[in-house]
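Inspection log for the structure reproduced underneath, given as structure tokens.
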Amino acid sequence: MTNIMTASDVHLSYGPVEALHGISMNFEEKELTALLGPSGCGKSTFLRCLNRMNDDIDNIKITGKITFEDEDIYGSKMDLVKLRKEVGMVFQQPTPFPFSIYNNVAYGLHLAGVKDKSIIDQRVEESLKQAAIWNEVKDDLNKNAQALSGGQQQRICIARALAVHPKVVLLDEPTSALDPISSSEIEETLLSLKHEFTFIMVTHNLQQASRISDKTAFLMNGDLIEYGSTEDMFINPKKQITSDYLNGRFG
């Protein structure tokens, strides 16, 4: 397998407080990696380092190295617009824009300068199919996306991320704001897509991680405690603290 992203000794501080203490991980192409750990352990903070979403926070300092396709994403030559096209993001709360389903999914294509309507039409349809929502919305693409249910909105956001053909999609607890049925639909969607895209997902749902991820990382207090195949970690964790967390003794 090929590593598409690599984090090496990543430290992050907010002012004098260090929140990540030297995280090193490789992410392989076309796998789904789950980042697990109790609230406040640094999962989302680390995830946001991977497409520089933390850049706009005041008084933040990031050291170490993160590469995407062997290019240093914090290097002076990195094109941030290109990085965020290739490394997309889906947030915890569904965040469709207040316009039509079609224009939501086409948004990134317009930003990327795609003008040909037939290409945009094709990408919108393809992405909505990939996000497993085409059949529900195909007859009403002009409907305001914010009028959809929460689960549908989140699948529109996944379609929007996929439309620009990213290589990696970051997911920050994508089902935590949804009901169990919608969560299950998102899981099915991710399972069907992980052979086409690389997903890195923050979740606090242990069952979800065990069901859909290939690799699992366990973080605690800003440290990477353990990282490996999901099956190995859930069946035979190397560290007692991992076992305690996975067995619900804290968290």
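Derivation of every value follows stated rules applied to the coordinates shown; laboratory data play no part. This is a predicted model, so every value here is computed, not measured. Because the Cβ atoms are built from the backbone with ideal geometry, glycine has one as well, and the counts that use them run over all protein chains shown.
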How tilted is helix 180-193 with respect to the longest principal axis of the chain? Cα atoms for both, answer in degrees (0 to 90, nearest 10).
90 degrees
Based on the Cβ-Cβ distance from residue 17 to residue 238, what FRET efficiency comes out when R0 is 35 Å, to the nearest 0.05?
0.75
Backbone N under 20 Å from the residue 92 label point (7 Å along Cα→Cβ), restricted to the range 29-45
33-45
With only helices counted (DSSP H, runs n ≥ 4, each -39500 (n - 2.57)), the per-residue ellipticity at 222 nm for the chain, to the nearest 500, works out to -10500 deg cm²/dmol
Using the Karplus curve 6.51 cos²θ - 1.76 cosθ + 1.60 with θ = phi - 60°, work out ³J(HN,Hα) for each residue of the range 122-131 in order, rounded to whole Hz, and write x for Gly and Pro.
5, 5, 4, 4, 4, 5, 5, 5, 4, 7
Give me the percent relative contact order of the range 3-246, please, defined on Cα pairs under 8 angstrom at least 6 residues apart.
28 percent
extent check for the range 104-173: Cα max minus min per principal axis, descending, whole Å, gives 30, 29, 18
Stretchable slack from residue 221 to residue 196, in nm (0.36 nm times residue separation minus alpha-carbon distance)
5.7 nm
Order the peptides 189-197, 102-110, 68-76, 30-38 from the highest to the lowest mean number of other Cβ atoms within 10 Å of their residues.
30-38, 102-110, 189-197, 68-76
When only alpha-carbon atoms are used, what values of Rg and Dmax, in angstrom, describe the range 39-164?
16.4, 49
Classify the range 1-101 as rounded, prolate or oblate from the Cα gyration tensor: take a ≥ b ≥ c as the square roots of its eigenvalues, call it rounded if a/c is under 1.5, otherwise prolate when a/b beats b/c and oblate if not.
rounded
Residue 215: which lysines have alpha carbons under 22 Å from its alpha carbon, excluding same-chain residues fewer than 8 sequence positions away?
30, 43, 65, 167, 194, 238, 239
17 Å reach of a label modelled at residue 79, 7 Å along Cα-to-Cβ, counting backbone N of the range 155-181:
164-168
Give me, ordered by chain and number, the residues 5 or more places off residue 71 or on other chains with an amide H under 5 Å from its own placed amide H.
none
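For residue 184 and residue 24, compute 0.36 nm times the residue count separating them, minus their Cα-Cα distance, and round to one decimal in nm.
Details: separation 160, 0.36 × 160 = 57.60 nm, distance 3.07 nm.
Taking 0.36 nm per residue and subtracting the Cα distance, the gain is 54.5 nm.
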Using a cut-off of 23 Å between alpha-carbon atoms, which lysines can reach residue 138, once sequence neighbours fewer than 8 places away in the same chain are excluded?
115, 117, 129
Computed lengthening from residue 147 to residue 207, 0.36 nm per intervening residue step minus Cα-Cα distance:
18.6 nm
Give the distance, in whole Å, between the Cα centre of the range 75-153 and the Cα centre of the range 1-67.
25 Å
